[in-house]
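Down below is the structure, laid out as structure tokens.
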Amino acid sequence: MPAFAEPAIDPPLADSYRALLRSDQLRRGGIAPAPASESVAVLERALPMIDLKRLTSGDAGERKACADAMATAASEWGFFQVINHDVGRELLEEMRREQARLFRLPFDTKEKAGLLNGSYRWGNPTATSLRHLSWSEAFHVPLASISREDCDYGKLSSLRYVLTGVMQEVADAMSRVADTVAAALAEDLGHDAGGGEPAFPAGCDGTTCFLRLNRYPACPFAPDTFGLVPHTDSDFLTILCQDQVGGLQLMKDSRWVAVKPRSDALIVNIGDLFQAWSNNRYKSVEHKVVANAKAERLSVAYFLCPSYDSPVGTCGEPSPYRPFTFGEYRRKVQDDVKRTGKKIGLPNFLKQSP
């Protein structure tokens, strides 16, 4: 028997689970709480597939058909997949290798390293119930911080040059996809940047967006646990590269649908800001990750966000939403989560709140 145990890699999610389970049981008078994640059969579906090569076709009809297909998917699903996106498979595989190396460091090292100014997160510090616990860990990285010379990498300084290099490449590549998709969706709503209108979305550039490296450890309490709690994204667009483990589910026609992974595709989903800008034509759809009992899951997400003081705007009047900035939106979301344990989001900004 070894004289000492290997340092733990996973954050103390099991401790959080047990504490929240006891809390839930006390509130229910000793009765076991309902599972956080509904363990019922969920149909696996392939998302609408968009070939981005059609957008660069010399044929105007082909480009229009591609944009129309994206707009239909954004309206009916809030999600779609894209192929021929020009984010190289070798680059994504390199990102996954470096991501796995980063997450396999001891938990204490990750928590105390100070990587990128405290970007490491795990579980949910505001959780008061199992329904609010996410069985996951992540590095949520502002793009403006990746290559800054004064950025603190602490104990992870040995990873700096390789990790930041590949993160910057992935962010740049995903940024091009996000810009292409956002411009096509905006144009389909009548926004014509070539006609003198400002580029869409306003206030977004390489310093305002985020990259998030996610890891979902194998969970002994699956399938009754969320890998990531149900939520909508607060940005304009999210570009997601996931592995083949699966677990992503979205709400479609009032039912949860499991997303079938496809190795050559990136997933695009509409965020709250795009739903507001489109006057609810495009849908920011609730989604979640279900924990896996046997396998860990890795993903990388790029969030297309404006600066905090950027007004969200609208594709046309009348809009159901009052004017607001991204900063106002984020602060309200954070306040609601602290106060109620969950995000309320866009209903807070309706001209006539329910």
Next on the checklist: Between a residue in region 31-53 that is within 20 Å of H231 (Cα to Cα) and at pLDDT 80 or above and any residue that is part of a loop (DSSP other than H, G, I, E, B) and of a type in the set (A, V, I, L, M, F, W, C), which pairs come within a Cβ distance under 7 Å, given they are 6 or more apart or on different chains?
Outcome noted: L47/W77
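Just a yes or no: is a residue in region 281-302 polar (S, T, N, Q) and over 25 Å from G123 (Cα atoms)? If you could, list the steps in order and put the result at the bottom.
Filtering region 281-302 for residues polar (S, T, N, Q) gives 284, 292, 299.
Checking the rest, the ones that are also over 25 Å from G123 (Cα atoms) come to none.
The answer is no, given that none of the residues of region 281-302 is polar (S, T, N, Q) and over 25 Å from G123 (Cα atoms).
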Checklist outcome for this item: Quick count over region 98-110, residues being modelled with pLDDT of 90 or more and crowded, with 20+ Cβ neighbours inside 10 Å, is 2
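Residues that are at positive phi and loosely packed, with under 14 Cβ neighbours inside 10 Å: does region 86-97 have at least one? Please lay out each step first, then the result.
Just the residues of region 86-97 that are at positive phi, to begin with: 86.
Filter once more, keeping what is loosely packed, with under 14 Cβ neighbours inside 10 Å: 86.
There is at least one residue in region 86-97 that is at positive phi and loosely packed, with under 14 Cβ neighbours inside 10 Å.
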Next on the checklist: Just to be sure I understand the filter: pairs with C-beta atoms under 6 Å, separated by 6 or more residues or on different chains, first member in region 87-110 and in a helix (DSSP H, G or I), second member at pLDDT 90 or above and among the aromatic types (F, W, Y). Which pairs pass?
Outcome noted: none
Next on the checklist: So R255 ticks every box in (1) of a type outside the set (A, V, I, L, M); (2) more than 30 Å from V166 (Cα to Cα); (3) in contact with a strand residue (DSSP E or B) (Cβ under 8 Å, 6 or more places away or on another chain) but one. Which box is left unticked?
Outcome noted: (3)
Checklist entry - Under 6 Å by Cβ, and 6 or more places apart or on different chains, what pairs join a residue from region 260-277 that is in contact (Cβ under 8 Å) with a residue 40 or more places away in the chain and closer than 20 Å to H231 by Cα with one that is polar (S, T, N, Q) and not in a loop (DSSP other than H, G, I, E, B)? => result I267/Q81; N269/T238
Next on the checklist: For S234, only one of the following conditions fails: (1) over 27 Å from Y17 (Cβ atoms); (2) open to solvent by less than 30 Å² (accessible area, probe 1.4 Å); (3) in contact (Cβ under 8 Å) with a residue 40 or more places away in the chain; (4) not in a strand (DSSP E or B). What is its number?
Outcome noted: (1)
Item to check | Top-ranked residue in region 219-231 [being in a loop (DSSP other than H, G, I, E, B) and open to solvent by less than 10 Å² (accessible area, probe 1.4 Å); ranked as nearest to H287 (Cα to Cα)] | outcome: T225
Checklist entry - Which residue, of I239, I267, is touching a helix residue (DSSP H, G or I) at 6+ places or on another chain (Cβ under 7 Å) and within 25 Å of H191 (Cα to Cα)? => result I239
Checklist entry - Of all residues in region 165-182, which are open to solvent by less than 50 Å² (accessible area, probe 1.4 Å) and out of contact with any Leu (no Cβ under 9 Å at 6 or more places or on another chain)? => result G165
Checklist outcome for this item: P201: passes all of (1) under 16 Å from the mean Cα position of the chain (by Cα); (2) buried (at least 23 other Cβ atoms within 10 Å of the Cβ); (3) under 20 Å from D272 (Cβ atoms); (4) not acidic (D, E) but (1)
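When region 111-126 is examined, which residues are found to be at pLDDT below 85 and either within 22 Å of the chain's Cα centre (by Cα) or open to solvent by less than 70 Å² (accessible area, probe 1.4 Å) (or both)?
Kept after step one, since they are at pLDDT below 85, are these residues of region 111-126: 111-119, 125-126.
Correct list: E111, A113, G114, L115, L116, N117, G118, S119, P125, T126.
The values are calculated or read from the model by the stated rules, or taken from the named source; none is laboratory data. Computed from a prediction, not measured in an experiment: that's the story for all the values here. Because the Cβ atoms are built from the backbone with ideal geometry, glycine has one as well, and the counts that use them run over all protein chains shown. Note: areas computed on protein heavy atoms with side chains; ligands, DNA, RNA excluded. Shrake-Rupley method; radii C 1.70, N 1.55, O 1.52, S 1.80 Å.
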